[in-house]
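The values are calculated or read from the model by the stated rules, or taken from the named source; none is laboratory data. As the structure is a prediction and not an experimental result, all values here were calculated from the model. Heads up, the Cβs are rebuilt from the backbone with ideal geometry, glycines too, and the neighbour counts pull from every protein chain shown. Protein only, heavy atoms only, side chains kept; ligands, DNA and RNA dropped before computing areas. Shrake-Rupley method; radii C 1.70, N 1.55, O 1.52, S 1.80 Å.
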Amino acid sequence: MKPALVVALGALVACGAPARDAGRAPGDTQRVAPADSAAREPHVATPTASDTLWLYAADPARDAIPSDATEAKLIARFGASNVRRDTIPLGEGEFVNGTVLFPDDDRRRLQITWRDTVARAVPATENVADSPSLWTVAPGIRMGTSLAELEALNGKPFTLLGFGWDYAGTVSSWEGGRLDSLIGPGRGRMRVIVRLYPDSAYEALIGQVQGDHVFPSSHPAMRAMNPRVYALTLAP
């Protein structure tokens with residue numbers, strides 16, 4: 001596995017993304033009906049309050065959390081009632097002091113950890129794992145976006161890691177497609193990490209694309225299951 005991907009995956013674990021069993025879909029227990037794998041039209045998000053809902057916008061000025069953000073600036077912008085200090089899970093029972101934006105709103109909740117943990121300044125990670133959620137990555141990736149929709153947005157197939165382990169369904173490369181800029185170093189040294197998982201109804205097919213291996217999104221089992229995004233993270 002490429003070193004850059006290992007770093008990105010490690011940062012994702014620091015956001016508290018739990019390990020997934022091979023036969024259990026992450027996030028909500030409610031099953032998501034699989035989309036028709038033949039449908040390849042892009043899913044374009046249309047947030048109702050774009051200034052607060054863009055996790056990673058086409059225009060950096062529209063990012064809800066700029067690279068120089070501090071907890072104090074978030075309070076000034078969004079109000080003290082919408083910014084709460086909390087412990088953010090690191091995985092394996094460990095936590096770090098961080099900040100939760102919109103803690104009482106499932107559709108807008110965002111977990112933030114800081115590079116400067118004393119001053120609570122300069123975001124280290126930004127993670128959304130609630131579904132449904134209004135947080136969006138340009139050009140239209142959000143929680144629930146399907147593999148087929150990602151292929152359409154990317155303009156071609158991509159690769160992702162197998163299921164049933166800690167880094168299940170993490171996109172490893174956009175293979176030079178339109179979304180390629182998301183996987184490399186982005187603004188403020190942050191990159192976008194996208195993770196997908198299929199509905200648990202596809203347990204028999206999961207075994208064909210499972211474990212610490214890279215699979216193409218065009219794999220027949222991937223196409224049949226059409227997994228959906230269950231976690232979006234900005235990390236170094």
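Quick look at the numbers
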| item | result |
| --- | --- |
| Failed criterion for Ala119 (all others in (1) more than 21 Å from Arg62 (Cβ to Cβ); (2) touching a Ser or Thr at 6+ places or on another chain (Cβ under 8 Å); (3) hydrophobic (A, V, I, L, M, F, W, C); (4) assigned to a strand (DSSP E or B) hold) | (4) |
| Given (1) within 16 Å of the chain's Cα centre (by Cα); (2) modelled with pLDDT of 95 or more; (3) surrounded by fewer than 17 Cβ atoms within 10 Å (Cβ to Cβ), index of the condition Val194 fails | (3) |
| Residue within segment 163-180 that is among the hydrophobic types (A, V, I, L, M, F, W, C), modelled with pLDDT under 95 and assigned to a loop (DSSP other than H, G, I, E, B) present | yes |
| Yes/no for Ala221 being open to solvent by less than 50 Å² (accessible area, probe 1.4 Å) and either in contact with a strand residue (DSSP E or B) (Cβ under 7 Å, 6 or more places away or on another chain) or within 30 Å of Ala121 (Cβ to Cβ) (or both) | no |
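Results for (1) closer than 20 Å to Phe102 by Cβ; (2) touching a strand residue (DSSP E or B) at 6+ places or on another chain (Cβ under 6 Å); (3) free of Cβ contacts under 8 Å to residues at least 12 places away in the same chain; (4) open to solvent by less than 50 Å² (accessible area, probe 1.4 Å), shown as yes or no for each residue.
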{"site": "Arg120", "(1), (2), (3), (4)": "yes, yes, no, yes"}
{"site": "Thr125", "(1), (2), (3), (4)": "yes, yes, no, yes"}
{"site": "Ala129", "(1), (2), (3), (4)": "yes, yes, no, no"}
{"site": "Val137", "(1), (2), (3), (4)": "yes, yes, no, yes"}
{"site": "Gly140", "(1), (2), (3), (4)": "no, no, no, yes"}
{"site": "Ala152", "(1), (2), (3), (4)": "no, no, no, yes"}
{"site": "Pro157", "(1), (2), (3), (4)": "no, yes, no, no"}
{"site": "Leu161", "(1), (2), (3), (4)": "no, yes, no, yes"}
{"site": "Leu179", "(1), (2), (3), (4)": "no, no, no, yes"}
